[in-house]
Amino acid sequence: MLSVIALCATSSFVATLHAQQVADKNYVASIGAFKWPANTGPRLVLDENHHNFHKLDGRYFAFGKMAQAVGFRVAPFRKEFTDASLKDVDVLVIANALDKSNDGMNGGNWKLPTPSAFSASAIAAVKRFVERGGGLLLVADHMPFAGAAQDLGKAIGVEFANGFAFDSYAANASSILVYRRDEGLVSPLELEPRVDSIVAFTGSAFRLIGDGLPLMQLPKTTRIWTPKTAWVFGDTVASIPGDGYLQGAALNLGKGRVVVLGEAAMLSAQRQGPKKLPMGMNEARAAQNAKFAASLLRWVSGEGAPVANNK
């Protein structure tokens, strides 16, 4: 079973793999014609206070530059989530947060249990922030990140599967998923520019538990594997069918808006491995990922119409 990823069955291999993921700082995103004048758009902050795997000076360097190119005023956010700290924020981005017990930038302790990355008070503050009119982009990747986001996800209307989404049960199954218009992809809320295909690079999955609009519908053949330790697979590892699960969705919440993604690298531009192969927005198949990301950020900031809920 899943012999294609047998090489990932040791923690030392995984540590090496993640250590070799570095930001591609030469990548320049293509986002289309829309933009606010530089530094005049909504204030966007990226959470860096919860042992996040993706930060502006690291794996989300290209994401930050892309958001700045759209016109967002971009900054890291290194405070606890409270009503006061979020008061002047327009868009809050949370990508791959972890509880301290699972921290380790190179996959140091990526095994069960995966406690919530956020306190109950922080979750309540984020929910109030959105309900008052704020925008939230919540990104929770494969296990353990999906587990760390479960409590926050439930508070805003989604339920994460704390595992790895592969496109089939076959031995040569792939965790790199290509979404095309009318084949699992809803062009991001119909904001221009038009997006016809995007690529996700090994993520988790989630279900809507309230109203929302699916943006990235997993293929019916998908299998979600739920190992006890990240990247350790075998015949005894449990799995669930991926039919009905998503890797992207948009939700209305009070006066605000939420986008949830089950994969983080799709918004990055990285180089991985000894050959420095592209992964993320800089990968040839993912040429439209940057436009997709820009449209999502515009929507959560208030551009365009609210979603027509379609659970």
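The values are calculated or read from the model by the stated rules, or taken from the named source; none is laboratory data. Everything quoted here is computed from the prediction, not taken from an experiment. Glycine also receives a Cβ, built like all others from the backbone with ideal geometry; neighbour counts cover every protein chain displayed. Each accessible area value is taken on the protein alone, full model and side chains, heavy atoms only, with ligands, DNA and RNA left out. Shrake-Rupley method; radii C 1.70, N 1.55, O 1.52, S 1.80 Å.
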Name the lysines eligible as straight-distance cross-link partners of K220: C-alpha to C-alpha under 22 Å, and not fewer than 8 places from it in the same chain.
K311
Hits among aspartates and glutamates - C-alpha to C-alpha of K255 under 14 Å, sequence gap 8 or more where chains match:
D90, E131, E303
By the mean-Cβ-within-10 Å protection proxy, highest first, 271-281, 30-40 rank as 271-281, 30-40
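Would you compute, from DSSP H runs of 4+ residues alone, the mean residue ellipticity of the chain at 222 nm, taking -39500 (n - 2.57) per run and dividing by the full residue count, rounded to the nearest 500?
On the way: 6 runs with 54 residues, N = 311.
Computed ellipticity for the chain at 222 nm equals -5000 deg cm²/dmol.
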Segment 96-180 - convex hull of alpha carbons, volume per residue in Å³:
131
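Hand me the trypsin sites (Lys or Arg not before Pro) from segment 67-147 located in a DSSP loop with no more than 10 other Cβ atoms within 10 Å, in residue order please.
Working: sites: R73, R78, K79, K87, K100, K111, K127, R128, R132; in loops: R78, K79, K87, R132.
Those satisfying the criteria are K87.
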Just want to confirm a number: the relative contact order over the chain, from Cα pairs under 8 angstrom separated by 6+ residues, in percent.
22
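Local charge sum around H51 (other residues, Cβ-Cβ under 14 Å, Lys/Arg +1, Asp/Glu -1)? Present the calculation step by step, with values, prior to reporting the outcome.
Numbers: positive: K55, R59, R78, K100; negative: D47, E48, E80, D99, D103, D141.
Surrounding charge for H51 is -2.
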Give me, ordered by chain and number, the residues 5 or more places off N282 or on other chains with an amide H under 5 Å from its own placed amide H.
Q270
Rounded to whole Hz and in sequence order, give me ³J(HN,Hα) for segment 38-54 from the Karplus expression 6.51 cos²θ - 1.76 cosθ + 1.60, θ = phi - 60°, writing x for Gly and Pro.
3, 6, 10, x, x, 7, 10, 10, 9, 4, 10, 10, 10, 6, 5, 6, 10
Angle check, please: helix 61-70 long axis (alpha carbons) against the longest principal axis of the chain (alpha carbons), in degrees 0 to 90, nearest 10.
30
Per-residue counts of other Cβ atoms within 10 Å, averaged by peptide: what ranking do you get for 246-253, 140-147, highest first?
140-147, 246-253
Could you give the spread of the C-alpha atoms of segment 40-199 along their three principal axes, from largest to smallest, in whole angstroms?
50, 41, 30
If I fit a long axis through the Cα atoms of helix 289-300 and take the longest principal axis of the Cα atoms of the chain, what angle between them do I get, 0 to 90°, rounded to 10?
50
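Which entries of K55/K127; K100/K228; K100/K154; K65/K87; K79/K127; K79/K228 have Cα-Cα distances beyond 27 Å here? Don't skip to the end; give the middle numbers.
Working: K55/K127 22 Å; K100/K228 18 Å; K100/K154 21 Å; K65/K87 24 Å; K79/K127 16 Å; K79/K228 31 Å.
Beyond 27 Å between Cα atoms: K79/K228.
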Report ³J(HN,Hα) in whole Hz for each residue of segment 201-217, in order, from the Karplus equation J = 6.51 cos²θ - 1.76 cosθ + 1.60 where θ = phi - 60°; Gly and Pro get x.
10, 6, x, 9, 7, 8, 10, 6, 10, x, 6, x, 10, x, 10, 9, 8
Accessible area in square angstrom per residue, the chain, 1.4 angstrom probe
40
In sequence order, calculated HN-Hα J values of segment 71-87 (Karplus, 6.51, -1.76, 1.60; Hz; x Gly/Pro)
x, 5, 8, 9, 7, x, 10, 10, 10, 6, 6, 9, 4, 5, 5, 8, 4
Which labelled figure in (1) 19.1; (2) 20.6; (3) 19.9 is Kirkwood radius over Cα pairs in Å, once derived from the coordinates
(1)
Please report how far the C-alpha centroid of segment 87-104 lies from that of segment 272-311, rounded to the nearest whole angstrom.
19
So the angle from the long Cα axis of helix 120-131 to the longest Cα principal axis of the chain, reported in degrees to the nearest 10, equals 50
Give me the tail of P(r) for segment 140-198 as a percent: Cα-Cα pairs with distance above 19 Å.
53
